[in-house]
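Structure first, then comments.
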Amino acid sequence: MPNISRRRFCIAAAHAVTGLLISPSFICCAPRPKEFQLSFFHTHTEECLEILHTPGQCSSAIQGKLNSFLRDFRTGEVRPIDPCLLDILCEIQSTTGSRGTIEIISGYRSPQTNAQLSRTSQGVATHSLHMDGQALDIRIRDLPTRTLRTAATALRRGGVGYYASSDFVHLDTGRFRTW
């Protein structure tokens, strides 16, 4: 064994340890957030949309696709949609195991469309959160709407309305309430 000074030994050891600590195998990374595959079908326009969504994150590209897809299909008006709605859908998928296509009955509604619907339909609020891009009326193909309602209610993240006779559930990002 060559004669090595204590100082040289300490320097060599420090270099070795530093090399190990900064090597890729020792870099500590937080686990990647889970991505969800969300598949949509709009029942009025018959358009489809598939996106990968990571809860808490929404790229401008995904936001643009979502805004266009969930436009007021009666007027063509496009408004920003609250990406927290996607987070709620991901949580429903996670808790139920559902991977079914999400059928959109209603997304954004312009004030004109909402006023017309509130005059002709029962159950349409005069200031619906649909007008703020904060609500969806949906069903999920592999999930009974009753189960969808139960899962959404358990999350306690916004409003949940159950329309059994029309077979859909209203979800919104307002305060928690049910009907």
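We did not get these values from a lab; they are worked out from the coordinates using the rules stated. As the structure is a computational prediction, the values presented were derived from the model and not from experiment. Cβ coordinates were reconstructed from backbone atoms using ideal geometry, including for glycine residues, and neighbour counts include every protein chain displayed.
Computed extension gain for Glu77 through Ile4, at 0.36 nm per residue and net of the alpha carbon distance, reaches 18.5 nm.
Each of Lys65 and Thr95 was given a label point 7 Å from its Cα along the Cα-to-Cβ line. The distance between the two points is 2.6 nm. Each residue of region 38-44 is assigned a 3J(HN,Hα), and the resulting list reads 10, 10, 10, 9, 8, 5, 9 Hz, derived from the Karplus form 6.51 cos²θ - 1.76 cosθ + 1.60 (θ = phi - 60°), x at Gly and Pro. In the list (1) 111; (2) 124; (3) 172, the label attached to volume of the Cα convex hull per residue in Å³ as derived from the coordinates here is (3). Note on the chain: dipole from Cβ charges, positive end direction compared against Thr113, Cys10, Thr145; the farthest Cα belongs to Cys10.
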